[in-house]
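Data block below; observations after.
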């Protein structure tokens, strides 16, 4: 018994300095959080809808991008998708041979030997985000870039590359955004100053995990090309959809519609070479991975 007590006392005596040293040792400082954030996304959709218009003639779209954000509020990013809209709505394209006159008849005639083709959209953007009270603000620039061949525009179109400045305000689940082109917009001749304003809502549905997505926007085209007023191309679009995070993916389904005009004075506006108004009502599904 005495040996047991002595052994225990010796063990405690030997251990106590270690315990004291461990207690007195300063904690290892945690690594400071990085001011830089890098994120990415990749998605597969039944079609690409942009401002209510199908950009892929209702065919599937592969989309993805990368984003950088600094804790100060500055950010930049790159996003891309396959497209087909320009050559399918441009009668001087390789898809659409020379058949129809353009609204207003402005510009040089199309060449029977030339063609226009484009199958990719790349978006480059950067801006600054900040908050004032409960309202978040976002201002920036976005360059829409459409690499391709454009040697048969005929004076009725220009290259679709478009630079827009934008500003947005978000309160709870509501966002109001205004975008304005600094030059010609999306291939429309002499359309500098064209704008798009939209109101979106992302409303959580109780505790279901679903989000109700609502949207209304208006694309306004400015300027004239000969006798043709670009305002004929203006339209309003709507969106109603739901989304849900499941299995680590963002699942989406939505219905879109516009009042975009199919033709004007017998010439196509939003009708493509397949006879389809790219602004017609349509249903889209898709899945996206965020990382």
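The values are calculated or read from the model by the stated rules, or taken from the named source; none is laboratory data. Quantities reported herein were computed from a predicted structural model and do not represent experimental measurements. Counting neighbours? That spans all protein chains shown, and the Cβs are built from the backbone with ideal geometry, glycine included.
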Of (1) modelled with pLDDT under 95; (2) more than 21 Å from residue 83 (Cα to Cα), residue 259 satisfies every one except (1)
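When the residues of the range 32-61 are narrowed to those that are more than 23 Å from residue 272 (Cα to Cα) and touching a residue at least 60 places away in the same chain (Cβ under 8 Å), which ends up surrounded by the most Cβ atoms within 10 Å (Cβ to Cβ)?
43
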By my count, strands (runs of 3 or more DSSP E) wholly in the range 123-189 with at least 3 residues that are under 21 Å from residue 222 (Cβ atoms), free of Cβ contacts under 8 Å to residues at least 24 places away in the same chain and touching a strand residue (DSSP E or B) at 6+ places or on another chain (Cβ under 7 Å) are 174-181
Counting only residues that are surrounded by 15 or more Cβ atoms within 10 Å (Cβ to Cβ) and closer than 30 Å to residue 267 by Cβ, the range 144-170 contains a total of 18
Within the range 203-220, the residues that are without any contact (Cβ under 8 Å) to a residue 40 or more places away in the chain and under 20 Å from the mean Cα position of the chain (by Cα) are 203, 211, 212, 214, 215, 216, 218, 220
Discussion item. Criterion first (outside any loop (DSSP other than H, G, I, E, B), touching a strand residue (DSSP E or B) at 6+ places or on another chain (Cβ under 9 Å) and either modelled with pLDDT under 50 or farther than 30 Å from residue 243 by Cα (or both)) does residue 80 satisfy it?
Written reply: no
Using the structure shown, decide if residue 213 is modelled with pLDDT of 95 or more and within 27 Å of residue 277 (Cα to Cα).
yes
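For the range 203-212, indicate whether the set of residues that are surrounded by fewer than 18 Cβ atoms within 10 Å (Cβ to Cβ) and closer than 26 Å to residue 84 by Cβ is non-empty.
no
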Is it the case, given these coordinates, that residue 279 is touching a helix residue (DSSP H, G or I) at 6+ places or on another chain (Cβ under 9 Å), surrounded by 13 or more Cβ atoms within 10 Å (Cβ to Cβ), in contact (Cβ under 8 Å) with a residue 40 or more places away in the chain and not in a strand (DSSP E or B)? no
| said: So, residue 183, is that one over 18 Å from the mean Cα position of the chain (by Cα) and either at pLDDT below 95 or farther than 16 Å from residue 86 by Cβ (or both) or not? | reply: yes
In the range 83-107, anything at pLDDT 85 or above and part of a loop (DSSP other than H, G, I, E, B) is listed as 83, 84
Exactly one of 261, 239, 289, 244 is outside any strand (DSSP E or B) and touching a strand residue (DSSP E or B) at 6+ places or on another chain (Cβ under 8 Å), and that residue is 261
Filtering the range 221-261 down to residues that are surrounded by fewer than 16 Cβ atoms within 10 Å (Cβ to Cβ) and free of Cβ contacts under 8 Å to residues at least 12 places away in the same chain yields 231, 247
